[in-house]
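In what follows, a structure is listed as structure tokens, so that the remarks can point back to it.
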Amino acid sequence: MKIIADENMPNAKALFSHLGDVELVNGRTITNSQIKNADVLLVRSVTKVTRELLEGSSVRFVGSATIGVDHIDLDYLTEAGIEFSSAPGCNAEAVADYVFSGLSHLYMTKKLSWLNKKIGVVGYGNVGKTVYDRFTNLGCQVCVYDPFKDNEAGAANFVALDEILSCDVISLHAPLTTTGSFPSKGMIGSKELAQLSAGTAVISAGRGGVIDEEALLERHSQLNGDIHLVIDVWDTEPEINQDLVSIVDIATPHIAGYSKQGREKGTWMVYQALCRHLAISSQSVNKSDAISSGWLSSIDVVASGDQEEMLARSVQAIYDVARDDVRLRFKYRENKENNVFDWLRKHYVERDEFNTCAVGAINNDVSSLVCAVGFSKK
Ligand SMILES: NC(=O)C1=CN([C@@H]2O[C@H](COP(=O)(O)OP(=O)(O)OC[C@H]3O[C@@H](n4cnc5c(N)ncnc54)[C@H](O)[C@@H]3O)[C@@H](O)[C@H]2O)C=CC1
Ligand SMILES: O=C(O)C(=O)[C@H](O)COP(=O)(O)O
């Protein structure tokens with residue numbers, strides 16, 4: 001069996017080699033002729049899996065080690081009888097960590113307070129729910145907009161989009177969709193941005209294109225820069241709007257989900273799905289061998305004066321999002337690589353999830369707060 005896999009899929013050779021010959025390729029540039037004789041295609045979000053790519057090939061299974069599936073023509077796969085599996089939720093914890101690292105950065109650099117503010121989450125899937133639950137456990141006033149879930153009465157504080165736009169912090173976790181009753185493409189456009197007050201913080205770690213970038217630039221100017229922006233995803237990736245980069249607090253190259261464990265979980269979930277498809281036992285690899293533990297197994301928090309500073313210092317011990325922002329700005333300035341965006345992603349200095357680290361604390365209140373942000377209990 002021939003398996004073609006994106007070279008950026010961690011552990012691909014180690015996991016899949018006992019199933020067939022694994023060839024690693026650049027996911028951004030995969031062509032029809034490269035996969036013609038392949039039985040299995042394993043991708044990440046940068047490969048557009050379309051009729052054009054697959055037609056005439058012998059591929060019977062496509063796996064994407066990602067949460068998002070906007071790069072996959074699901075209708076064509078169904079029509080062609082090709083089995084598909086993605087990795088729902090694989091990096092939800094990583095994206096939630098990114099959100100809290102973004103807020104920690106805003107607090108430590110601008111004293112932007114968020115803990116006792118009104119929080120709005122867009123999208124209540126694996127990521128949105130994880131983010132929502134962390135804010136709730138931190139005692140924040142949090143609401144969520146998800147037009148496909150708001151009949152789940154009692155599950156969360158569902159509100160209309162207008163109410164989200166009045167929040168102090170807005171965290172976007174909708175998938176990119178262009179059809180259906182609530183397409184998300186451009187859903188945060190000039191009309192919606194006009195409703196944001198001065199001082200709002202917006203975190204965009206779902207998909208580029210959900211926010212209208214030109215409208216965002218315009219609103220930033222109308223507010224004289226008094227809006228705080230943490231942007232991980234971009235409308236025209238792998239090219240990114242440098243005007244937008246120049247005004248945001250944090251600009252990162254679509255790495256919110258790039259925890260070491262999140263990426264490994266993605267490969268692991270696709271591996272299991274392929275084993276099911278082939279009716280082969282996945283027992284030859286243990287999950288604990290496929291997913292790493294972290295560098296810091298525990299921390300002790302021994303001071304607690306300012307809760308937001310205490311949270312920020314704990315968060316930044318594991319992941320400070322500023323490092324990815326600095327690296328992006330430096331690489332674009334240096335401009336030595338052909339494709340800076342993909343280079344940054346390929347050479348990502350991986351990070352651990354907060355949950356790989358247990359927290360000890362001077363008292364139960366401190367311990368509860370740090371655990372609420374995603375750490376494990378000691
Ligand atoms: N920046 C990054 O590295 C990552 C980005 N993502 C993105 O985040 C998205 C969300 O991830 P999950 O929560 O795991 O997906 P999910 O599929 O579990 O949930 C998506 C939720 O969004 C809701 N939704 C759909 N259209 C909406 C709209 N117009 N307005 C509000 N809500 C809407 C759905 O009803 C669903 O509840 C993914 O589709 C992916 O595009 C995911 C992982 C990493
Ligand atoms: O899981 C998703 O959805 C994501 O956005 C991934 O984190 C993106 O990573 P790549 O697949 O582009 O490496």
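Go through (1) farther than 20 Å from Ile227 by Cβ; (2) crowded, with 20+ Cβ neighbours inside 10 Å; (3) more than 16 Å from ligand 2 (Cβ to nearest atom) one by one and return the number of the condition Asn157 breaks.
Of (1) farther than 20 Å from Ile227 by Cβ; (2) crowded, with 20+ Cβ neighbours inside 10 Å; (3) more than 16 Å from ligand 2 (Cβ to nearest atom), only one is false for Asn157: (2).
With (1) assigned to a helix (DSSP H, G or I); (2) under 26 Å from Glu7 (Cβ atoms) as the list, and Glu214 as the residue in question, which single condition is left unmet?
The number of the failed condition is (2).
What about Leu19, is it out of contact with any Phe, Trp or Tyr (no Cβ under 6 Å at 6 or more places or on another chain) and closer than 30 Å to Pro183 by Cα?
Judged against the criteria, Leu19 is not a match.
Just to verify a result, which residue in region 4-37, among those that are more than 26 Å from the chain's Cα centre (by Cα) and outside any loop (DSSP other than H, G, I, E, B), is surrounded by the fewest Cβ atoms within 10 Å (Cβ to Cβ)?
The qualifying residue surrounded by the fewest Cβ atoms within 10 Å (Cβ to Cβ) is Ser33.
Given the conditions (1) within 30 Å of Asn157 (Cβ to Cβ); (2) within 11 Å of ligand 1 (Cβ to nearest atom), and given that Arg44 satisfies all but one, which numbered condition is not satisfied?
Of the numbered conditions (1) within 30 Å of Asn157 (Cβ to Cβ); (2) within 11 Å of ligand 1 (Cβ to nearest atom), the odd one out for Arg44 is (1).
Mind checking which residues of region 70-85 are touching a residue at least 60 places away in the same chain (Cβ under 8 Å) and either under 30 Å from Gln316 (Cα atoms) or more than 8 Å from ligand 1 (Cβ to nearest atom) (or both)?
Initial filter on region 70-85 (touching a residue at least 60 places away in the same chain (Cβ under 8 Å)): 70, 83, 85.
Answer for region 70-85, where residues must be touching a residue at least 60 places away in the same chain (Cβ under 8 Å) and either under 30 Å from Gln316 (Cα atoms) or more than 8 Å from ligand 1 (Cβ to nearest atom) (or both): Glu83, Ser85.
Can you tell me which residue is farthest from Trp114 (Cα to Cα) among those in region 318-339 that are in contact with a helix residue (DSSP H, G or I) (Cβ under 7 Å, 6 or more places away or on another chain) and without any contact (Cβ under 8 Å) to a residue 40 or more places away in the chain?
By that ranking, first place goes to Glu337.
Six or more apart or on different chains, Cβ under 9 Å: which pairs go from a residue in region 341-365 that's in the same structural domain as Val245 (by the TED database) and of a type outside the set (Asp, Glu) to one that's assigned to a helix (DSSP H, G or I) and at pLDDT 95 or above? Could you list them?
none
Can you find even one residue in region 161-169 that is out of contact with any Asp or Glu (no Cβ under 8 Å at 6 or more places or on another chain) and either within 16 Å of ligand 2 (Cβ to nearest atom) or at pLDDT below 95 (or both)? I'd like the intermediate steps shown before the answer.
Taking region 161-169 and keeping what is out of contact with any Asp or Glu (no Cβ under 8 Å at 6 or more places or on another chain), we get 162-164, 166-169.
Still in the list and also either within 16 Å of ligand 2 (Cβ to nearest atom) or at pLDDT below 95 (or both): none.
No: region 161-169 contains no residue that is out of contact with any Asp or Glu (no Cβ under 8 Å at 6 or more places or on another chain) and either within 16 Å of ligand 2 (Cβ to nearest atom) or at pLDDT below 95 (or both).
Among (1) surrounded by fewer than 16 Cβ atoms within 10 Å (Cβ to Cβ); (2) over 19 Å from the mean Cα position of the chain (by Cα), which single condition is His347 missing?
(2)
For Val40, indicate whether it is under 30 Å from Thr200 (Cβ atoms) and either crowded, with 22+ Cβ neighbours inside 10 Å or in contact (Cβ under 8 Å) with a residue 60 or more places away in the chain (or both). Reasoning before the result, please.
Numbers: under 30 Å from Thr200 (Cβ atoms): no; either crowded, with 22+ Cβ neighbours inside 10 Å or in contact (Cβ under 8 Å) with a residue 60 or more places away in the chain (or both): yes.
Here the answer is no, as Val40 does not meet what is asked.
Which pairs turn up if I take residues in region 56-68 that are at pLDDT 95 or above and look for partners that are more than 11 Å from ligand 1 (Cβ to nearest atom) and among the small types (Gly, Ala, Ser) with beta carbon separation below 7 Å, at least 6 apart in sequence or on another chain?
Ser57/Ala38; Ser58/Ala38; Val59/Ala38; Gly63/Ser85; Gly63/Ala273
I need the helices (runs of 4 or more DSSP H) fully contained in region 316-378, keeping only those with at least 2 residues that are closer than 27 Å to Leu24 by Cβ.
Details: elements: 322-334, 340-346, 364-372.
Of the helices (runs of 4 or more DSSP H) lying wholly inside region 316-378, those with at least 2 residues that are closer than 27 Å to Leu24 by Cβ span 322-334, 340-346.
Just to verify a result, which residue in region 256-277, among those that are of a type in the set (A, V, I, L, M, F, W, C) and farther than 21 Å from Leu296 by Cα, is surrounded by the most Cβ atoms within 10 Å (Cβ to Cβ)?
Val270
Consider Tyr319 carefully, then state whether it is crowded, with 18+ Cβ neighbours inside 10 Å, touching a Lys or Arg at 6+ places or on another chain (Cβ under 7 Å), modelled with pLDDT of 95 or more and aromatic (Phe, Trp, Tyr).
Details: crowded, with 18+ Cβ neighbours inside 10 Å: yes; touching a Lys or Arg at 6+ places or on another chain (Cβ under 7 Å): yes; modelled with pLDDT of 95 or more: yes; aromatic (Phe, Trp, Tyr): yes.
In short, yes.
Enumerate the pairs (first residue in region 225-238 and in the same structural domain as Lys185 (by the TED database) and within 13 Å of Val99 (Cβ to Cβ); second residue anywhere and buried (at least 23 other Cβ atoms within 10 Å of the Cβ) and of a type in the set (Phe, Trp, Tyr)) with beta-carbon separation below 7 Å, excluding pairs fewer than 6 apart on the same chain, so at least 6 apart or on different chains.
Asp232/Tyr98
Can you run down the residue pairs with Cβ atoms below 6 Å, 6 or more apart or on separate chains, where the first is in region 104-127 and in contact (Cβ under 8 Å) with a residue 24 or more places away in the chain and on the phi < 0 side of the Ramachandran plot and the partner is assigned to a helix (DSSP H, G or I) and of a type in the set (Asp, Glu)?
Matching pairs, first to second residue: Tyr107/Glu308; Leu115/Glu308.
The values are calculated or read from the model by the stated rules, or taken from the named source; none is laboratory data. Worth saying up front: this structure is predicted, and the values here are computed from it rather than measured. Counting neighbours? That spans all protein chains shown, and the Cβs are built from the backbone with ideal geometry, glycine included.
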